[in-house]
Amino acid sequence: MPTIFAEATPPGRGGVSVVRLSGPDARAIGEALAGPLPEPRRAELRQLRDGGDLIDQALVIRFGEGSSFTGEAVVEFQLHGAPVVVRRLERALLVRGARRAEAGEFTRRGFLNGRIALSEAEGLADLLSAETEAQRRQAMRVASGDLARWGESLRSQLIRAGALIEASLDFADEDVPEEVPAEVFSILVQVREEMAAMLRGYPAAERLRRGFEVAIVGPPNAGKSSLLNRIAQRDVALVSDIAGTTRDVIELHTDLGGLAVTFLDTAGLREAQDSVERMGVERARARAEAADLRLHLSSDGSVDETVWRAGDLTVRSKSDLRPGDVSAVTGEGITGLLKRVQEILQSRVEGSGLLARQRQAEAVERAIHALNVFPDFPPEILAEAIRQAAQGLAELVGRIGADDYLDEVFSSFCIGK
């Protein structure tokens, strides 16, 4: 592979900028700029020179092949945090044959070199995009290898079961313990139950990873935009006494008790007065129907039955003018309403497991389906079922069958990771 480099810290001014160099020529290029490199994993202050030009004084750290994040030889330069310094170093690296890394290329090399499992790379991608504490905790468990270890543990049990089956086939005419078939089926039942339990937690984990959508729906002038502004504590949506002001869906992304929640302010649900409002109403209905929860806001507690779903909340607005539940003017009832929303959504992520992506869930589902066997199945059928189930778990951690998925995974990473 070519030697690559990228700035690992956010571009711009700062105290320190970190530039990483990885690949077969990393050590040679590093020595051309900094002289003899320090011992692996030891930082030393060096002058970086491009010929006779002093680029900067920087801390230089070297990682040996097989002991770095990418699995390759890596040199890290910790420079003064000025963009012009970084650009000057990058020019020196380009001249010496290194190229700029693509998005996620460092992590991709770590996967290809066996330093991390694909599931760990997915967890790392989720960690980098996490916005709430709950998302961080979930992503950290996967990124630290919990899912990969779980999959490998079950796969090891299947390998043992497969070995017992092969023994019964290879030595059918010899003295094979009679308990072998019973032990095999016991292993298969246990593995299948563990996978099924993990799969049941997938919908909750996937929703926790992606976040929730809560649609505020109701007739025009019910106070939907005012409620959104009150939740945001700033003017997000335009508020007017003129009915039909909101034509498009306005989104507010927020952290609600550790959950990523997007509140949607939608157009008032009524018979549209013109084509533009009609498009707004249609869009409002579509987003409301797809949302995880709907707040039906009105002055009298009425709801639009076409978008009502079991578990939705009915909220009476403008309690500063008449008996009601909330007031966007005074803030009355807002805290209680948000708490109710949080409790409802929190209940939907209880029991979430480690499977948070469709690819992972589908791999486990294939393994479960393969183990739909019975004790009276011939040994040859059991052996094939075990092989297919083990393959599903291998796909889970990215050992096989992941090539078509790699571009999608690593393109979500930032440059330098």
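Within region 117-148, the set of residues being more than 22 Å from His253 (Cβ to Cβ) and over 12 Å from the mean Cα position of the chain (by Cα) comprises Ala117, Leu118, Ser144, Gly145, Asp146, Leu147, Ala148.
Residues of region 383-408 that are under 18 Å from the mean Cα position of the chain (by Cα), part of a helix (DSSP H, G or I) and either surrounded by fewer than 20 Cβ atoms within 10 Å (Cβ to Cβ) or modelled with pLDDT under 65 (or both): Tyr405, Leu406, Asp407, Glu408. So, of the residues in region 225-252 that are more than 16 Å from Arg287 (Cα to Cα), assigned to a loop (DSSP other than H, G, I, E, B) and under 32 Å from the mean Cα position of the chain (by Cα), which turns out to be modelled with the highest pLDDT? Out of the qualifying residues, it is Gln233.
Among the residues of region 72-84, are any touching a strand residue (DSSP E or B) at 6+ places or on another chain (Cβ under 8 Å), touching a residue at least 12 places away in the same chain (Cβ under 8 Å), under 30 Å from Arg359 (Cα atoms) and not aromatic (Phe, Trp, Tyr)? There is at least one residue in region 72-84 that is touching a strand residue (DSSP E or B) at 6+ places or on another chain (Cβ under 8 Å), touching a residue at least 12 places away in the same chain (Cβ under 8 Å), under 30 Å from Arg359 (Cα atoms) and not aromatic (Phe, Trp, Tyr). Does Arg115 fit the bill of being over 22 Å from Arg357 (Cα atoms), of a type in the set (D, E, K, R) and surrounded by fewer than 21 Cβ atoms within 10 Å (Cβ to Cβ)? So Arg115 fails the test.
Each residue in region 35-77 was checked for being within 12 Å of Val18 (Cβ to Cβ) and surrounded by fewer than 19 Cβ atoms within 10 Å (Cβ to Cβ), and 2 of them qualify. Considering Ala196, Ala222, which residue is small (Gly, Ala, Ser), in a helix (DSSP H, G or I) and either at pLDDT 90 or above or surrounded by 22 or more Cβ atoms within 10 Å (Cβ to Cβ) (or both)? Result: Ala196 is the single residue among Ala196, Ala222 that is small (Gly, Ala, Ser), in a helix (DSSP H, G or I) and either at pLDDT 90 or above or surrounded by 22 or more Cβ atoms within 10 Å (Cβ to Cβ) (or both).
Would it be correct to say that Val191 is at pLDDT 85 or above and either in a strand (DSSP E or B) or in contact with a Lys or Arg (Cβ under 7 Å, 6 or more places away or on another chain) (or both)? For Val191, the condition - at pLDDT 85 or above and either in a strand (DSSP E or B) or in contact with a Lys or Arg (Cβ under 7 Å, 6 or more places away or on another chain) (or both) - is not met. Within region 291-309, count every residue that is among the basic types (Lys, Arg), assigned to a loop (DSSP other than H, G, I, E, B) and surrounded by 20 or more Cβ atoms within 10 Å (Cβ to Cβ). So the count comes out to 0.
Given the criteria modelled with pLDDT under 95, out of contact with any Lys or Arg (no Cβ under 9 Å at 6 or more places or on another chain) and among the charged types (D, E, K, R), does Arg42 qualify? It is false that Arg42 is modelled with pLDDT under 95, out of contact with any Lys or Arg (no Cβ under 9 Å at 6 or more places or on another chain) and among the charged types (D, E, K, R).
So which residues in region 310-363 are more than 32 Å from the chain's Cα centre (by Cα) and outside any loop (DSSP other than H, G, I, E, B), if there are any at all? Thr314, Val315, Arg316, listed by residue number. Filtering region 13-55 to residues that are at positive phi and among the charged types (D, E, K, R) leaves only Arg41. Yes or no: region 147-164 includes at least one residue that is modelled with pLDDT of 90 or more, among the hydroxyl-bearing types (Ser, Thr, Tyr) and touching a strand residue (DSSP E or B) at 6+ places or on another chain (Cβ under 7 Å). Within region 147-164 (the criterion being modelled with pLDDT of 90 or more, among the hydroxyl-bearing types (Ser, Thr, Tyr) and touching a strand residue (DSSP E or B) at 6+ places or on another chain (Cβ under 7 Å)), the answer is no, since none of the residues qualifies.
The values are calculated or read from the model by the stated rules, or taken from the named source; none is laboratory data. No experiment lies behind these values; they were computed from the predicted model shown. Heads up, the Cβs are rebuilt from the backbone with ideal geometry, glycines too, and the neighbour counts pull from every protein chain shown.
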